Amino acid sequence: MDATLTPALTALSTQGLAIGYDHGDSARCIASGLDLTLPAGEFVCLLGPNGTGKSTLIRSLSGMQAPLAGDILLAGQDFRSIPPRQRARLVSVVLTDALPMGMMDAYAMVALGRHPYSGWFGSMGPADHARIEWSLEAVGARDLARRQVSELSDGERQKVSIARALAQATKVMLLDEPTAFLDLPRRVELMRILRDLAHSEGLALLLSTHDLDLALRFADRLWVLNADGQLIQGYPEAIAMSGEFAQVFETENLDWDPSSGSFRAHPIPCLHAKVVGEGIPALWTKRALERLGFGLTEDANAAAVSIEIENENQWRVTRGEQQHEFASITEMIEWLLASKWKR
Amino acid sequence: MRGMESNSRRITLFFSFTGIAIVLLAGLSACIGSVNLPLDVVVKTLLGSSDVDPVMRQIMVDFRLPRIVTALLAGAALGTAGLLMQTVFRNPLADPFVLGVNSGASLGVAIVLLALAPAGISLTAGLGASGQLLIILASSAGAGATLFVVLILSRRVDIMSVLIIGLMISYTIGAIVSILMFFSMAERLQSFINWSFGDYGNVSWMHMRLFAPAVLCGLLLSSLFIKPLDALLLGEPYARSVGTRVKRTRFLVLMAASLLAGAVTGFCGPIGFLGIAAPHLSRYLCRSSSHRILIPASIGIGALLSLASDFVARGPGLDVVLPLNAITALVGAPIIIAALVKQRNMQRLFG
């Protein structure tokens, strides 16, 4: 798959990178032999089950944690040879636990992003203030400038965190699960903002997330870290089709469904149902049956119950000799729940 | 300049008020005491006029003035040290003595007063000038030695562990002091307890030559770290990501804070509470987290609280001197409680 990756401009790359924890006498290696490229102007999502080392990778790439082996190259330069202040002009990070101590308004927090540029005592010029204003504007947090960070909602605080990283005016931005505590509309909004910023500003943006669905929809490229410490790079669609997702994420209770691009819970069903019908009512009837623990079948003889959907006002349910008609999906579900089923 | 400080009016007001209050209180402290001095004597003495009663002049120059200067310096030092510790440890309960400076000093003094003296070395008879100097030396040495140990240990661990190491060393030293006290005579014990009450009156002009430069050095050193301290408010990982050399900053800031705290404890005895109260009040009154504001604010409010506590401790109109350490807490604690009750969300402010 590497052959497909021919980035025009590499902002950050690694060679033989090994990450993990070094406890002096014993080292715990999480992943090794990582040859990664983060291209400028692309929005890359890092996926992987819990505990595979997504955070460790982000921390290692940002220099918060020393790698066990290998090199990290920033704009072609060895990471370690770049002094801290210069490095801070090249890479910015957004972590989930970004609560400032004490009374700090959003503007002051974003202003911390200007530290790599400001003077010894932190004095800022008009250009610094312009950049801060622009950063707040870019994430849609202009109105939050004078609010105390401690009083912001999770979503608002995450925007301010990203504005702080933007104020740093770096080439690379690394985000560790910034969408973790947000509701769906906020997550979509944030992903959209970040993708647009990557494209418009030429930022190399790496974001770790658990949100497969959004990553598939928004990312320009995916990095998938599996439990064996291997990292698969590629376009979202290519990875989704190749079945590599299935290998990485599938568990006893979860199936990768390539036709919908999502995972499905599958408690092993004892009872099967047959659904006849089309359109939206049929779709949600199947979802209801799955949720209640029925397996779906086409074979009427194997089905404990069969449901015919005439239209969105008529469900005809056949169970053995009995036949029932329901005028809404609510009534049908209530009947399913009220009936006794042999397990 | 929308960006600078939205609450610049509030901050201007704060500094004007604090400045005026310090001047008024200093004047009051100069005039009122065991002997009341008329205001014109105070002013004339300060202006260097020779047209003053020599006795009053001496009271003013040799007793009142050094005491006021000491109170101001000690308050400024403790306020700043407290602020530094709270920021570095990201902990609202941190005070200037979290690294064990206080207990180290008390061990030094306990050794001199309780262990050496009964062993036939009459060092502190009547606490004369040389005796006083010896106590200052002992407590400074104790504070310095403890600090040295904690800082050496702290280089290898994370910041939370430093806090706990400091606490454990304080307990250990406290235990040794208790044992020393257990084996001591009542009259020796009394002089040790008197030291532990804290007093601004022991710093003569001669001592001031050491005390003032130590405090001013500490304050100067602190002011060099305004920017990295701001960065530390978001935690060490973030500070590092904006280019702060975290380990170096941490070490030097702890040095500065401990120099300030150690100097005060050495010369005035352990003075509690100011170090915790001043930074909180500064944050609350200035509504700011920037150390560019908070360091001068903590200096101001620390000096003011310190002067006020000393004024009350000397019991104007009474014939007694109350323990300074008790007064700082009595003056400071209600202020903090009032601020917290009004603010309500300390937990969120300190994550």
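The values are calculated or read from the model by the stated rules, or taken from the named source; none is laboratory data. Bear in mind that the values here come from a model prediction, so they are computed numbers and not experimental data. Positions of Cβ are backbone-derived with ideal geometry, glycine not excepted, and every protein chain shown enters the neighbour counts. What goes into the accessible areas is simple: the full protein's heavy atoms, side chains included, and nothing from ligands, DNA or RNA. Shrake-Rupley method; radii C 1.70, N 1.55, O 1.52, S 1.80 Å.
Of the residues in the stretch A:115-154, how many are free of Cβ contacts under 8 Å to residues at least 40 places away in the same chain, within 27 Å of the chain's Cα centre (by Cα) and facing chain B (nearest Cβ under 10 Å)?
2
Considering only the stretch A:175-192, state which residues are surrounded by fewer than 16 Cβ atoms within 10 Å (Cβ to Cβ) and more than 17 Å from A:Lys54 (Cβ to Cβ).
A:Asp183, A:Leu184, A:Pro185, A:Arg192
Looking at this structure, is B:Leu232 facing another protein chain (nearest Cβ under 9 Å), open to solvent by 20 Å² or more (accessible area, probe 1.4 Å) and not hydroxyl-bearing (Ser, Thr, Tyr)?
Considered against the rule, which asks whether it is facing another protein chain (nearest Cβ under 9 Å), open to solvent by 20 Å² or more (accessible area, probe 1.4 Å) and not hydroxyl-bearing (Ser, Thr, Tyr), B:Leu232 comes out as no.
A:Ser81 versus (1) among the hydroxyl-bearing types (Ser, Thr, Tyr); (2) surrounded by fewer than 22 Cβ atoms within 10 Å (Cβ to Cβ); (3) within 13 Å of chain B (Cβ to nearest Cβ): which is the lone unmet condition?
Here A:Ser81 meets the rest and fails (3).
Do you know which residues across the stretch A:40-53 are at pLDDT 90 or above and either closer than 17 Å to A:Gln230 by Cα or assigned to a strand (DSSP E or B) (or both)?
A:Phe43, A:Val44, A:Cys45, A:Leu46, A:Leu47
If you check A:Leu136 against the conditions, is it over 17 Å from A:Val93 (Cβ atoms) and either in contact with a strand residue (DSSP E or B) (Cβ under 7 Å, 6 or more places away or on another chain) or at pLDDT 90 or above (or both)?
Considered against the rule, which asks whether it is over 17 Å from A:Val93 (Cβ atoms) and either in contact with a strand residue (DSSP E or B) (Cβ under 7 Å, 6 or more places away or on another chain) or at pLDDT 90 or above (or both), A:Leu136 comes out as yes.
So which residues in the stretch B:197-218 are open to solvent by 40 Å² or more (accessible area, probe 1.4 Å) and either in a helix (DSSP H, G or I) or in contact with a strand residue (DSSP E or B) (Cβ under 9 Å, 6 or more places away or on another chain) (or both)?
Selection gives B:Phe197, B:Trp205, B:Met206, B:Arg209, B:Leu210, B:Pro213, B:Leu216, B:Cys217.
Regarding the stretch A:113-120, can at least one residue be identified that is of a type in the set (Lys, Arg), part of a loop (DSSP other than H, G, I, E, B) and open to solvent by 20 Å² or more (accessible area, probe 1.4 Å)?
The answer is no; no qualifying residue exists.
When the residues of the stretch B:235-259 are filtered to those that are of a type in the set (S, T, N, Q) and within 10 Å of chain A (Cβ to nearest Cβ), which remaining residue is farthest from the chain's Cα centre (by Cα)?
Restricting to residues being of a type in the set (S, T, N, Q) and within 10 Å of chain A (Cβ to nearest Cβ), the top hit is B:Ser241.
Just the residues that are surrounded by fewer than 24 Cβ atoms within 10 Å (Cβ to Cβ) and either more than 20 Å from A:Gly140 (Cβ to Cβ) or outside the structural domain of A:Asp128 (by TED's automatic domain parsing) (or both), please, taken from the stretch A:94-112.
A:Leu95, A:Asp97, A:Leu99, A:Met101, A:Met103
Can you name the residue in the stretch A:165-186 that is charged (D, E, K, R) and touching a Leu at 6+ places or on another chain (Cβ under 6 Å) and is also farthest from the other protein chains (Cβ to nearest Cβ) among such residues?
So, considering only residues that are charged (D, E, K, R) and touching a Leu at 6+ places or on another chain (Cβ under 6 Å), the one farthest from the other protein chains (Cβ to nearest Cβ) is A:Lys171.
Kindly establish whether A:Thr52 is open to solvent by 30 Å² or more (accessible area, probe 1.4 Å) and more than 14 Å from every other protein chain (Cβ to nearest Cβ). Outline the logic, then answer.
Numbers: open to solvent by 30 Å² or more (accessible area, probe 1.4 Å): no; more than 14 Å from every other protein chain (Cβ to nearest Cβ): yes.
Against the criterion (open to solvent by 30 Å² or more (accessible area, probe 1.4 Å) and more than 14 Å from every other protein chain (Cβ to nearest Cβ)), A:Thr52 does not qualify.
May I ask you to list the residues in the stretch B:141-170 that are under 23 Å from B:Arg250 (Cβ atoms), open to solvent by 50 Å² or more (accessible area, probe 1.4 Å) and in a helix (DSSP H, G or I)?
Once the filter is applied, which keeps residues that are under 23 Å from B:Arg250 (Cβ atoms), open to solvent by 50 Å² or more (accessible area, probe 1.4 Å) and in a helix (DSSP H, G or I), the stretch B:141-170 yields B:Ala145, B:Phe148, B:Val149, B:Ile152, B:Leu153, B:Met160, B:Ile164, B:Leu167, B:Met168.
Given the conditions (1) in contact with a helix residue (DSSP H, G or I) (Cβ under 6 Å, 6 or more places away or on another chain); (2) without any contact (Cβ under 8 Å) to a residue 60 or more places away in the chain; (3) open to solvent by 40 Å² or more (accessible area, probe 1.4 Å), report the number of the one that B:Val55 does not fulfil.
It fails just one condition, (1).
Tell me, please, whether a residue that is within 27 Å of B:Arg248 (Cα to Cα) and charged (D, E, K, R) can be found in the stretch B:181-188.
Residues of the stretch B:181-188 that are within 27 Å of B:Arg248 (Cα to Cα), as a first pass: none.
Within the stretch B:181-188 (the criterion being within 27 Å of B:Arg248 (Cα to Cα) and charged (D, E, K, R)), the answer is no, since none of the residues qualifies.
Of the numbered conditions (1) more than 8 Å from chain B (Cβ to nearest Cβ); (2) modelled with pLDDT of 90 or more; (3) exposed (fewer than 15 other Cβ atoms within 10 Å of the Cβ), A:Ile72 fails exactly one; give the number of that condition.
(3)
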